[in-house]
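Structure, as C-alpha cells:
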Amino acid sequence: MKIAVIGAGRIGANIARGLARAGHSLSLGFARDTAALAALAGELGAAATSPADAVAGADVVVVSVPWRAIPEALAQAGPLEGKIVIDTTNQFGSGPMPAPGQTAAAFNAARMPGARYTKSFNTLTSAFQAQAAARPADQRVVQWLCGDDAAAKEQVGALIEEAGYAPVDLGGTADCAVMEAPRRAGAVYGEEWRLPEALAVVEAVRAGRPIPDTPSYSDVAT
Ligand SMILES: NC(=O)c1ccc[n+]([C@@H]2O[C@H](COP(=O)([O-])OP(=O)(O)OC[C@H]3O[C@@H](n4cnc5c(N)ncnc54)[C@H](OP(=O)(O)O)[C@@H]3O)[C@@H](O)[C@H]2O)c1
C-alpha cells in the first residue's frame, strides 16, 4: 500500500520503519528539520515530500504529530476525503480540546471530514513499541484500534499485524475512552496487554462493564 506519514517523529518513524520492512511504499511529510526527514526517508527507501504530496498519493495516512501541531498538520496535508487515517495522537499540551465527555478520537475524526478515520499506536511509549515489534507471536503486544469505518479498521488491523503487533478493535470513536490518555485505573492506556486478556476488555467495553485488572507478564523475550 502507499502510506503517508505526517509527522515522522518517535511514533511516526517507528510505524514507517515497520511498514517499510513489510514492503509498503512510504512518503514522509511535515517536519521543521527537513534534513532529518530526508535522512530518515533515505534510510527507509521512502520519499520525503510535502504533506500535501504525501497525502495525495496515499491510500493510508498516519497522523503522528504533537496535539498542538494537529491544526497545522491537517492544513498542510489538505483534503483527507476517502483516505484511511491512522491517528496516533494524544491530547497532551495546548490546542483545541475535546468537549467534556467527548473522546479525542471523535474530536479528531470530526477535524478530518470524509476521512476513513481510525486511531491506534497511541497507548504505549515509542521506545516500548520499537522494542516489542520484534516479539514472537505468543508474546505480541496489543495495539488497540477504534474507528467508525469497519472496512478501514480491517485494513489498519492488517497493517498493525504486519508491523509486529496484535490488533484489537475496541469499537467506535465514541466508545474508545479506555484507550485514551491519561494513564489511569480502569483504562488500557499506558499498559501492556496481549491478545487473550485484551479480548475480555473488548467484551467488558461492549457490555458497559469495568474492564478487567491490568495483567502482568513475566516472560518478556525482548
Ligand atoms: N512518544 C511517545 O511515546 C508516544 C506514544 C504514543 C502516542 N504518542 C502521540 O503520538 C503523537 C506523536 O508523538 P511523538 O512522540 O512521535 O512526537 P515527536 O517525536 O515530537 O514527533 C513529531 C513529528 O512532527 C513533526 N513536526 C512538524 N512540525 C511540527 C511542529 N510545528 N511541532 C512539533 N512537531 C512538528 C516533527 O518533525 P520536526 O521536529 O522536524 O519538526 C516530528 O517528525 C503525539 O500526539 C503523541 O502524544 C506519543
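The values are calculated or read from the model by the stated rules, or taken from the named source; none is laboratory data. Owing to the predicted nature of the structure, the values given are computational and were not obtained by experimental measurement. Please note: Cβ atoms are built from the backbone with ideal geometry, for glycine as well, and neighbour counts cover all protein chains shown. The protein model used for the area step is the full one, side chains on, heavy atoms only, and it has no ligands, DNA or RNA in it. Shrake-Rupley method; radii C 1.70, N 1.55, O 1.52, S 1.80 Å.
Within the stretch 118-128, identify whether any single residue is away from the ligand (no atom under 15 Å from the Cβ), closer than 19 Å to Pro167 by Cβ, of a type in the set (Lys, Arg) and in contact (Cβ under 8 Å) with a residue 12 or more places away in the chain, and answer yes or no. Explain how you work it out, then say what you get.
Filtering the stretch 118-128 down to residues away from the ligand (no atom under 15 Å from the Cβ) leaves none.
No, the stretch 118-128 contains no residue that is away from the ligand (no atom under 15 Å from the Cβ), closer than 19 Å to Pro167 by Cβ, of a type in the set (Lys, Arg) and in contact (Cβ under 8 Å) with a residue 12 or more places away in the chain.
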Original post:
Restricting attention to the stretch 106-129, which residues are out of contact with any Pro (no Cβ under 9 Å at 6 or more places or on another chain), hydrophobic (A, V, I, L, M, F, W, C) and farther than 24 Å from Asp59 by Cβ?
Top reply: Leu124, Ala127, Phe128
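What's the total number of residues in the stretch 79-89 that are open to solvent by less than 30 Å² (accessible area, probe 1.4 Å) and not aliphatic (A, V, I, L, M)? Spell out the reasoning first.
Let us first name the residues in the stretch 79-89 that are open to solvent by less than 30 Å² (accessible area, probe 1.4 Å), namely 80, 84-89.
Keeping just the survivors that are not aliphatic (A, V, I, L, M) gives 87-89.
Total satisfying the criteria: 3.
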Original post:
Of all the residues that make up the stretch 25-53, how many are in contact with a helix residue (DSSP H, G or I) (Cβ under 8 Å, 6 or more places away or on another chain) and either among the small types (Gly, Ala, Ser) or at negative phi (or both)?
Top reply: 14
Original post:
Looking at the stretch 44-54, is at least one residue under 19 Å from the mean Cα position of the chain (by Cα), buried (at least 16 other Cβ atoms within 10 Å of the Cβ) and within 20 Å of Ala115 (Cα to Cα)?
Top reply: yes
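Go through the stretch 21-42 and report how many residues are closer than 15 Å to Val61 by Cβ and more than 11 Å from the ligand (Cβ to nearest atom).
Just the residues of the stretch 21-42 that are closer than 15 Å to Val61 by Cβ, to begin with: 24-30.
Next, from what is left, pick out any that are more than 11 Å from the ligand (Cβ to nearest atom): 24-27.
Going through the stretch 21-42 one residue at a time, the tally reaches 4.
Given the condition assigned to a loop (DSSP other than H, G, I, E, B), over 18 Å from Thr89 (Cα atoms), within 18 Å of the chain's Cα centre (by Cα) and away from the ligand (no atom under 16 Å from the Cβ), answer yes or no: does some residue in the stretch 203-217 qualify? Give the steps one after another, and end with the answer.
Of the stretch 203-217, the ones assigned to a loop (DSSP other than H, G, I, E, B) are 208-217.
Checking the rest, the ones that are also over 18 Å from Thr89 (Cα atoms) come to 208-217.
Of the ones still in play, those that are also within 18 Å of the chain's Cα centre (by Cα) are none.
Checked against the condition, which is being assigned to a loop (DSSP other than H, G, I, E, B), over 18 Å from Thr89 (Cα atoms), within 18 Å of the chain's Cα centre (by Cα) and away from the ligand (no atom under 16 Å from the Cβ), the stretch 203-217 yields no hits at all.
Out of Val85, Val61, Val5, report the one residue that is assigned to a strand (DSSP E or B), within 10 Å of the ligand (Cβ to nearest atom) and at negative phi.
On the way: Val85 fails: within 10 Å of the ligand (Cβ to nearest atom); Val61 fails: within 10 Å of the ligand (Cβ to nearest atom).
The unique qualifying residue is Val5.
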Original post:
Which condition number does Arg17 fail, the rest of (1) within 14 Å of the ligand (Cβ to nearest atom); (2) more than 18 Å from Ala133 (Cβ to Cβ); (3) crowded, with 18+ Cβ neighbours inside 10 Å being met?
Top reply: (2)
**OP:** Kindly provide the set of residues from the stretch 153-167 that are surrounded by 17 or more Cβ atoms within 10 Å (Cβ to Cβ), within 15 Å of Val141 (Cα to Cα) and not β-branched (Val, Ile, Thr), ordered by number.
**Re:** Gly157, Leu159, Ala163, Gly164, Tyr165, Ala166, Pro167
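From the list Ala150, Ala115, Ala106, Ala132, exactly one residue is surrounded by fewer than 17 Cβ atoms within 10 Å (Cβ to Cβ) and more than 12 Å from the ligand (Cβ to nearest atom). Which is it?
Of Ala150, Ala115, Ala106, Ala132, the one residue that is surrounded by fewer than 17 Cβ atoms within 10 Å (Cβ to Cβ) and more than 12 Å from the ligand (Cβ to nearest atom) is Ala150.
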**OP:** Could you list all residues from the stretch 88-103 that are more than 14 Å from the ligand (Cβ to nearest atom) and either β-branched (Val, Ile, Thr) or within 15 Å of the chain's Cα centre (by Cα) (or both)?
**Re:** Thr103
